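In what follows, a structure is listed as structure tokens, so that the remarks can point back to it.
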Amino acid sequence: MTLDTTGLDNRIFTAFSETSVRRYIFVHNLDTDVVRWSANAVEYFDLPGEYMSGFGKIWTPRIHPDDLCKFEQDINAVFSGIKKKHYAEYRVRNKNGNYVFVTCRGVILKGENGESDLFAGTLINHGIADFVDPVTGLYNHYKFLQTKKELMRAKQPMHIMLIGLNNFSDINFTYNFFFGNIILNQFATKIRNMLNESSTIFRMEGPRFAIISKCSTNAETSELYTRIQELAKHFTTDEDVAIPLTISGSAIQVTDFNLSEQSVYNYLSRAYADSKYKNHSELVFYDTSMQATYKDALVLLTALRQSIADNCEGFYLNFQPLINPDNNGIIGAEALLRYKDSNVGEVPPGKFIPLLEEDACFFDLGTWILREALTEGKSFLKYNPDLVIDVNLSYTQISQARFRDVLIEVLNETGFPVHNLCLELTESCRNLDIQLLREEVLFYKSLGIKVAMDDFGTGTSCLALLRDLPVDCLKLDQSFILNLPNNNVDEHIVDAFVQCAHKLKINVCLEGVENKFIRSLVEKYKVKMHQGYLYSRPVPLNKYLELLQNKYIVLA
Ligand code: C2E
Ligand code: CA
Ligand code: CA
């Protein structure tokens, strides 16, 4: 038998190490401090060689800082004899700089008759995808849900905080997606450095993070939020570029373990939305007194999800005429979603769309909206073959590659002529990478479909959008138009946008032409399209068909 420097039969080690790609073996001779790792681990983690001494110094810098303490505690417990076997799950960096999730098991084999003591075991590589976010190296949403579940089952009191960067889509647009990722990565690292050992940070959807703290008080949680707020405000990248950021956030103290695991996250998300939209980004602490209000939203969300699962029962479309302001002729319709449920009643879209838009089920609902709009829209074309039907698209649809197939399928199925369709890119679409969005827009246009930019003017980087996206129409956000009677700043903004669009040969639709006074204020802009309550509110299919019979809207 040939023994190698770790005291192990060479052939046995080689046989073991070559039989599995994802499972590595190691043997550590505790007398000589020489450790041997299987060749595939050496290659995967870019270790200095198969045989190494002083391995601790080689390995620990590769371990994710959040997991190092847990790893060291376990190893020390084994070496000091407190624990029999080493068992640790942690993240470790591979040769490409990505963290992979590993499970390591090891045991001390006492030497007999003068043989050395050995520490030997295996390390299983679970790869990047499952639990680790590749952008930040943090644990992802799935791991968050799993950790929360385990802690709740173990009845471990904790604080959970959800924080998110505001207007992050503007950063992606102003710079680019790649730079956005760098900011997320560096911001996450800076927060992680602020946390103590009993806290873990996770990357959630988009620019959001969750922190679970096992030993914290409400005051400490609020204080941490203030520190993160300050960090964001004065944020500077490692390359010294100052990017002032703002955050919104919510927190919950979990002491009631009878709460369902899903409720905890739902309450946290609702409180987060309150921070963002109602409380000027101050931390919103969820407490049980808010349960009644939030419960309504949860009941609604459950009803909506159920309806979508039931072939979108309860959803229907209204149509709002699009008008040629020169003669008040009807030149199209925007399809607008409505919802009515036997329990929750009629719900305005402003209430249910924000709840659903980030939900994966919106994809199926979006497909239903498209199919319904085109099926009903076909009957409009009998009155006027040039009518254009506008259908709103959201992030959840465009961001999925399969949406292209869905679009073609629905067009084939309904036989709706492509040039009569206009897809509106709503606000949420701005969360997409501009290059990706551009490719999608080019694809729709290659099919002959028109594209409109909806709610134009909200956000900060609209002119870059105009430059990069070959859209046919700009729908100026109605807030500018509704404000025209009160302030002349908006007048200049509308003026600038309209001129800019016309120079780029893009049509403009003014939304929110609510009354005759507003119409008189906007007449000078000479745009091709108006939309607003003055002409008609959104109406059901049969009412829209009645309007179409007259071809023109007669103003009272
Ligand atoms: P939006 O796409 O900007 O739709 C126009 C909204 O402006 C509609 O609100 C319409 O009723 C309202 N509106 C039209 N004229 C006037 C006016 O003169 N004055 C005022 N104050 N409002 C006017 P609605 O139907 O409540 O829809 C709200 C938002 O919900 C939509 O805004 C859109 O972002 C979203 N939404 C509606 N349907 C869909 C859909 O099918 N898909 C997606 N992704 N979003 C939808
Ligand atoms: Ca729209
Ligand atoms: Ca709009």
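For region 11-125, take the convex hull of the Cα atoms, compute a quarter of its surface area, and give me that in nm², please. Don't jump to the answer; show the numbers that get you there.
Values: hull surface 28.3 nm².
Taking the Cα atoms of region 11-125, their convex hull projects to 7.1 nm² on average.
Can you give me the span-like helices of the chain, meaning DSSP H runs with 24 Å or more of Cα extent along the axis and Kyte-Doolittle mean at or above -0.5?
Values: long enough: 177-194 (26 Å, 0.48); 261-277 (25 Å, -1.08); 291-309 (26 Å, 0.46); 362-380 (26 Å, 0.17).
Helices meeting the span and hydropathy rule in the chain are 177-194, 291-309, 362-380.
Where does the chain land on Rg/Rh, using Cα atoms and the Kirkwood Rh? Show your work: numbers first, answer last.
Values: Rg = 29.6 Å, Rh = 27.4 Å.
In the chain, Rg relative to Rh is 1.08.
Once both labels are modelled 7 Å past Cα along the beta-carbon direction, what's the LYS295-LYS110 spacing in nm?
My value for the distance between the label points is 6.1 nm.
Could you state, as a whole-number percent, how many of the C-alpha pairs of region 228-327 are farther apart than 24 Å? Could you put the intermediate results ahead of the total?
Working: 2562 of 4950 pairs.
Distances greater than 24 Å cover 52 percent of the Cα pairs.
Using a 1.4 Å probe on the protein chains only, how many percent of the accessible area of the chain belongs to carbon and sulfur?
Numbers: 13900 of 26640 Å².
Its accessible area is 52 percent carbon and sulfur atoms.
Run the numbers for LEU521 and GLU409: contour at 0.36 nm per residue of separation, minus the present Cα-Cα distance, in nm. Don't skip to the answer; put the middle values down first.
Details: separation 112, 0.36 × 112 = 40.32 nm, distance 4.32 nm.
Length gained, LEU521 through GLU409: 36.0 nm.
With no solvent and one equal point scatterer per Cα, compute the Debye intensity ratio I(q)/I(0) for region 141-286 at 0.15, 0.21 Å⁻¹ and report its log10, rounded to two decimals.
-0.74, -1.37
Please list, ordered by chain and number, the residues whose modelled amide H lies under 5 Å from the amide H of VAL513; skip anything fewer than 5 residues away on the same chain.
GLN531, GLY532, TYR533
Find how many whole Å separate the alpha carbon centroid of region 268-344 from the alpha carbon centroid of region 72-110.
48 Å
Rule-of-thumb check for region 175-222: C-alpha Rg over 2.2 N^0.38 Å? Mind showing how you got there, number by number?
Details: Rg = 12.6 Å, N = 48, 2.2 N^0.38 = 9.6 Å.
My calculation over the Cα atoms of region 175-222 gives 1.32.
Ignoring ligands, DNA and RNA, what accessible area per residue does the chain give at 1.4 Å, in Å²? Before the final figure, lay out the partial values.
Numbers: 26640 Å² over 556 residues.
For the chain, the per-residue accessible area is 48 Å².
Work out, step by step, the length gained on full extension between ALA154 and LYS505: first 0.36 nm times the residue separation, then minus their alpha carbon distance; give nm to one decimal. Spell out each step's value before the answer.
Details: separation 351, 0.36 × 351 = 126.36 nm, distance 6.29 nm.
Extending this stretch completely gives an extra 120.1 nm.
Can you list the residues, at least 5 places off or on another chain, whose amide H is less than 5 Å from the amide H of MET158, using H built in the peptide plane?
So MET158 has HN proximity to VAL254.
Based on the Cβ-Cβ distance of LYS190 and LEU68, what FRET efficiency does E = 1/(1 + (r/R0)^6) give at R0 = 22 Å, to the nearest 0.05?
Values: r = 18 Å, r/R0 = 0.80.
Efficiency computed from Cβ-Cβ geometry: 0.80.
Kindly provide the trypsin sites (Lys or Arg not before Pro) of region 290-357 that DSSP labels as loop, not H, G, I, E or B, and whose Cβ sees at most 10 other Cβ atoms within 10 Å.
Values: sites: LYS295, ARG305, ARG338, LYS340, LYS351; in loops: none.
The qualifying sites: there are none.
How much mean residue ellipticity at 222 nm does the chain get from its helices, if each DSSP H run of length 4 or more adds -39500 (n - 2.57) and you divide by all residues, to the nearest 500 deg cm²/dmol?
Numbers: 20 runs with 230 residues, N = 556.
That comes out to -12500 deg cm²/dmol.
The values are calculated or read from the model by the stated rules, or taken from the named source; none is laboratory data. Keep in mind it's a predicted model, so treat the numbers as computed, not measured. Note: ideal-geometry Cβ built from the backbone for every residue, glycine included; neighbour counts use all protein chains shown. Side chains included, ligands, DNA and RNA excluded: accessible areas come from the protein's heavy atoms. Shrake-Rupley method; radii C 1.70, N 1.55, O 1.52, S 1.80 Å.
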